[in-house]
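Okay, so here's the structure we're looking at.
The values are calculated or read from the model by the stated rules, or taken from the named source; none is laboratory data. What you see is a predicted model, and the numbers here were worked out from it, not measured in a lab. Neighbour counts are summed over all protein chains in view; Cβ atoms, including those assigned to glycine, are modelled from backbone coordinates with ideal geometry.
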Amino acid sequence: MPIYDSLGTSYSLTRRPDPRIAAQIRNALGDVSDVVNVGAGTGSYEPSETILAIEPSHAMISQRPPGAAPAVRAVAEQLPLRDRSVDAVMAVLTIHHWTDTVAGLSELRRVARRRIVLLTWDQSVFRERFWLVRDYLPQTAALDDKRAIGIDDLVELLGGARVEPVPVPHDCTDGFGAAYWRRPRAYLDPQVRAGISMLAQTDPDVLAPGLAVLADDLATGRWQDRYTDLLALDSIDVGYRLLVSDL
Ligand SMILES: C[S@@+](CC[C@H](N)C(=O)[O-])C[C@H]1O[C@@H](n2cnc3c(N)ncnc32)[C@H](O)[C@@H]1O
């Protein structure tokens with residue numbers, strides 16, 4: 001069973017595309033006439049030029065909004081598409097879930113004529129800059145250390161790419177890992193955690209002590225004192241990266 005058939009049942013409740021990140025992805029895609037979205041999930045960030053979504057999880061496909069591009073149940077590692085059959089391929093916050101990244105990226109390069117756009121993150125930057133992982137839940141880094149792929153490795157596998165930082169707005173509407181960096185209370189909410197795979201896939205007993213300290217720090221004002229500087233920022237760079245590869 002695809003992992004998101006259990007992990008993604010309430011995905012659309014907390015994972016709504018953020019308009020600022022959407023604009024950055026749209027801009028990176030450029031003037032393409034057709035797009036395939038791989039690991040498309042519920043359809044976040046798909047531009048109007050999207051002709052097909054590739055997604056293994058039925059639970060995710062069932063949450064796609066009416067009018068979204070048609071979706072095929074398939075995986076990145078074996079795309080049901082001909083060589084050079086589409087202008088651009090996009091893959092947003094999905095490559096860390098693939099069973100074979102090398103095969104998946106090779107498939108993206110096979111089917112795209114002009115451009116590949118990936119949104120992922122730099123794990124070394126993330127674990128150093130994101131207070132939740134660094135200071136409260138360092139155990140969650142173990143999972144991502146294993147599955148995150150180095151940015152330099154990705155650039156090489158793509159045969160070259162431009163790398164753009166993706167700042168996370170303080171009121172980001174897409175509840176991925178660091179989306180709530182200025183809204184710390186959100187991480188105490190099980191529904192929020194269910195939409196963040198690094199938290200949903202870590203044993204709740206492992207998370208519990210760190211979350212208890214966070215709850216206490218918020219109640220006593222220690223969190224606010226410790227991170228005063230963050231409260232003055234509108235967005236931060238915690239390692240999310242857009243890779244844009246022209247073929
Ligand atoms: C965090 S969600 C991201 C969904 C969507 N791209 C977004 O930005 O909201 C990760 C998605 O990758 C999908 N996925 C997992 N393994 C995959 C694979 N081997 N090939 C393609 N997609 C995969 C999951 O089913 C899930 O929908």
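Please enumerate the residues belonging to the range 147-167 that are outside any loop (DSSP other than H, G, I, E, B) and at pLDDT 95 or above.
Within the range 147-167, I151, D152, D153, L154, V155, E156, L157, R162, V163, E164, P165 qualify.
Name every residue in the range 185-213 that is assigned to a helix (DSSP H, G or I) and either among the β-branched types (V, I, T) or over 21 Å from W223 (Cα atoms) (or both), in order of residue number.
If the condition is that a residue be assigned to a helix (DSSP H, G or I) and either among the β-branched types (V, I, T) or over 21 Å from W223 (Cα atoms) (or both), then Q191, V192, A194, S197, M198, A200, P204, D205, V206, V213 are the ones that fit.
For G239, indicate whether it is touching a residue at least 12 places away in the same chain (Cβ under 8 Å) and on the phi > 0 side of the Ramachandran plot.
Answer is yes for this residue.
Being in contact with a helix residue (DSSP H, G or I) (Cβ under 8 Å, 6 or more places away or on another chain) and in a loop (DSSP other than H, G, I, E, B) is the filter; apply it to the range 67-79 and report the residue that is surrounded by the fewest Cβ atoms within 10 Å (Cβ to Cβ).
Result: R73.
Restricted to the range 112-148, and to residues that are within 16 Å of the ligand (Cβ to nearest atom) and surrounded by fewer than 20 Cβ atoms within 10 Å (Cβ to Cβ), which residue is farthest from V168 (Cα to Cα)?
K146
State yes or no: is R64 under 19 Å from the mean Cα position of the chain (by Cα), part of a loop (DSSP other than H, G, I, E, B), more than 10 Å from the ligand (Cβ to nearest atom) and in contact (Cβ under 8 Å) with a residue 12 or more places away in the chain?
yes
Which residues, counting only those in the range 67-84, are farther than 21 Å from D246 by Cβ and away from the ligand (no atom under 13 Å from the Cβ)?
G67, P70, listed by residue number.
Taking L242 and the conditions (1) within 14 Å of the chain's Cα centre (by Cα); (2) surrounded by fewer than 18 Cβ atoms within 10 Å (Cβ to Cβ), which numbered condition does it fall short on, given that it satisfies the others?
Just one mismatch for L242, condition (2).
Looking at T101, is it within 16 Å of the ligand (Cβ to nearest atom), surrounded by 15 or more Cβ atoms within 10 Å (Cβ to Cβ) and free of Cβ contacts under 8 Å to residues at least 60 places away in the same chain?
Taking the combined requirement at face value, the residue satisfies it.
Has the range 32-52 got at least one residue that is aromatic (F, W, Y), at negative phi and within 9 Å of the ligand (Cβ to nearest atom)?
Within the range 32-52, not a single residue is aromatic (F, W, Y), at negative phi and within 9 Å of the ligand (Cβ to nearest atom).
Of the residues D34, D87, D100, which single one is acidic (D, E) and closer than 16 Å to V244 by Cβ?
Only one candidate passes the filter, namely D87.
Any chance you could count how many residues in the range 214-247 are within 30 Å of N27 (Cβ to Cβ) and part of a helix (DSSP H, G or I)?
Selection size over the range 214-247: 3.
Cβ-Cβ below 6 Å, separation at least six or inter-chain, first residue in the range 1-16 and at positive phi and surrounded by 14 or more Cβ atoms within 10 Å (Cβ to Cβ), second of a type outside the set (V, I, T) and in a loop (DSSP other than H, G, I, E, B): which pairs?
none
Quick one: in the range 8-31, which of the residues that are more than 13 Å from the ligand (Cβ to nearest atom) and of a type in the set (K, R) is nearest to D100 (Cα to Cα)?
So the residue we want is R26.
Exactly one of these conditions fails for V168: (1) surrounded by 19 or more Cβ atoms within 10 Å (Cβ to Cβ); (2) in contact with a Gly (Cβ under 8 Å, 6 or more places away or on another chain); (3) among the aliphatic types (A, V, I, L, M). Give me its number.
Here V168 meets the rest and fails (2).
Kindly check whether there is at least one residue in the range 39-59 that is within 16 Å of the chain's Cα centre (by Cα) and loosely packed, with under 14 Cβ neighbours inside 10 Å.
Checked the range 39-59: no residue is within 16 Å of the chain's Cα centre (by Cα) and loosely packed, with under 14 Cβ neighbours inside 10 Å.
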